[in-house]
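All remarks here apply to the structure that follows.
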Amino acid sequence: MPERDILAIYHQPDYDIKIWQEWLDKINRRIRLVPIDAPEAQEAEIIIAWAPPKGALAKLPHLKGVISLAQGVDHILDDATFPKDLVLGRLIDPFMAQSMAAWVALAILKQHRDDATYQDAAKKRDWIRIEPKFASDFTVALLGMGAIGGHVAETIAALGFNVLGWSRSQKTLKGVTSLTGIDGFNQCLNKADYVVSILPLTSATRDLFSAATFKKFKKTAYFINCGRGLQVDEDALIDAIDGGHLSGACLDVFRTEPLPPESPLWAHPKITIWPHVSAQTSPITAAEQVMQSILNILDGKPPVNPVNIERGY
Ligand code: GLV
């Protein structure tokens, strides 16, 4: 039997532990994953997780670090008992950036190319033609231009749209006008036909998309959210669409997930719902960096993509 001498907790309930174990084994057979409620979990030095149960990390006496199985770490940091001496790493995975870019392109293009109208007509065997629209006449604002957002912005620019990108610091990206600060944010909202949010959830972005914010959107703008649901006042979004200010929305994230069956968002004719799958984690592409982060943390080094815990990403 190969030696197995690193014990790590795995906690992502909707992904099978066995699949991750197999992928980690392919790289290095020293790691044994256990569920958070296994008796041996008490001995673990590392946890790899999406959203560990609140209070659980503080109770693990040997824990040195946490590796997020997602790009966002809000589900880990929203635990008031998160031990401040732990190091935290997140995923930055080119496959996930590509997947997000494809999803945002899909959301924009379905709207821009009148997909719903054509498909409705096709169901009636109706051969219709709508006047063409030119991407260069439309502006897309990308809010959040980190490792993922930057790639998304360049992808959308390559489709011919005018792209404004808003981020904390100035960026140089092909075909993208970089904007910062509150003036930059307002400029994005005033000018964009498509407002796409990929922002991380932090105290600065929670509830950002309120009724007041939606009023700043250009009339008929379309809202696309693949950041976090807690950034959006969902009632205000419905009001903005029903009031004729926004033309609709495509949402991949929600205040409560899974989206409760009674949510009015499901049945809204101008809102498209996705079940938080715009950029899914896969061990096929992520296991290598998770493994490296585990080894780094045990070696007293930072994980591959360290999180600034104060900043929240
Ligand atoms: C998914 O939501 C992620 O943060 O990767």
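The values are calculated or read from the model by the stated rules, or taken from the named source; none is laboratory data. Only a predicted model underlies this, so the values are computations on that prediction, with no experimental measurement involved. Methodologically, a virtual Cβ is constructed for each residue, glycine included, from the backbone with ideal geometry; neighbour enumeration extends over all protein chains shown. Heavy atoms of the whole protein, side chains included, go into the accessibility calculation; ligands, DNA and RNA do not. Shrake-Rupley method; radii C 1.70, N 1.55, O 1.52, S 1.80 Å.
Looking across the stretch 65-92 at every residue that is in a strand (DSSP E or B) and either open to solvent by 10 Å² or more (accessible area, probe 1.4 Å) or away from the ligand (no atom under 16 Å from the Cβ) (or both), the one that is farthest from residue 313 (Cα to Cα) is identified as 65. Working only within the stretch 23-49, note down all residues that are free of Cβ contacts under 8 Å to residues at least 60 places away in the same chain, more than 16 Å from residue 298 (Cα to Cα) and within 27 Å of the chain's Cα centre (by Cα). Listed by number, the residues that qualify are 34, 35, 36, 49.
Taking the criterion of being polar (S, T, N, Q), open to solvent by 20 Å² or more (accessible area, probe 1.4 Å) and in contact (Cβ under 8 Å) with a residue 40 or more places away in the chain, the residues of the stretch 179-208 that qualify are 202, 203. If you go through the stretch 249-263 and keep only what is surrounded by fewer than 18 Cβ atoms within 10 Å (Cβ to Cβ) and farther than 27 Å from residue 13 by Cα, you end up with nothing. Of everything listed in (1) within 21 Å of residue 43 (Cβ to Cβ); (2) open to solvent by 10 Å² or more (accessible area, probe 1.4 Å); (3) among the aromatic types (Phe, Trp, Tyr), the single unmet condition for residue 95 is (1). Checking each residue in the stretch 98-122 for being surrounded by 15 or more Cβ atoms within 10 Å (Cβ to Cβ) and of a type in the set (Val, Ile, Thr) picks out 104, 108.
Let's see how each residue does on (1) open to solvent by 10 Å² or more (accessible area, probe 1.4 Å); (2) farther than 23 Å from residue 238 by Cβ:
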| site | (1), (2) |
| --- | --- |
| 148 | yes, yes |
| 160 | yes, yes |
| 177 | yes, yes |
| 218 | yes, no |
| 224 | no, no |
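For the stretch 279-305, the tally of residues that are within 16 Å of the ligand (Cβ to nearest atom) and not in a loop (DSSP other than H, G, I, E, B) stands at 8.
Of all residue pairs spaced 6 or more apart or on separate chains, those with beta-carbon atoms under 9 Å, a first member in the stretch 7-22 that is touching a residue at least 12 places away in the same chain (Cβ under 8 Å) and a second member that is open to solvent by 80 Å² or more (accessible area, probe 1.4 Å) and not in a helix (DSSP H, G or I) are 7/32; 7/62; 8/32; 21/32. When the stretch 264-303 is filtered for residues that are among the β-branched types (Val, Ile, Thr) and open to solvent by 60 Å² or more (accessible area, probe 1.4 Å), only 284 remains. Exactly one residue among 239, 235 is without any contact (Cβ under 8 Å) to a residue 12 or more places away in the chain and surrounded by fewer than 17 Cβ atoms within 10 Å (Cβ to Cβ), and that residue is 235.
Rundown of residues vs (1) part of a loop (DSSP other than H, G, I, E, B); (2) touching a strand residue (DSSP E or B) at 6+ places or on another chain (Cβ under 9 Å); (3) more than 23 Å from residue 101 (Cα to Cα); (4) within 16 Å of the ligand (Cβ to nearest atom), yes/no style:
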residue: 207; (1), (2), (3), (4): yes, yes, yes, no
residue: 230; (1), (2), (3), (4): no, no, no, yes
residue: 260; (1), (2), (3), (4): yes, no, yes, no
residue: 311; (1), (2), (3), (4): yes, no, yes, yes
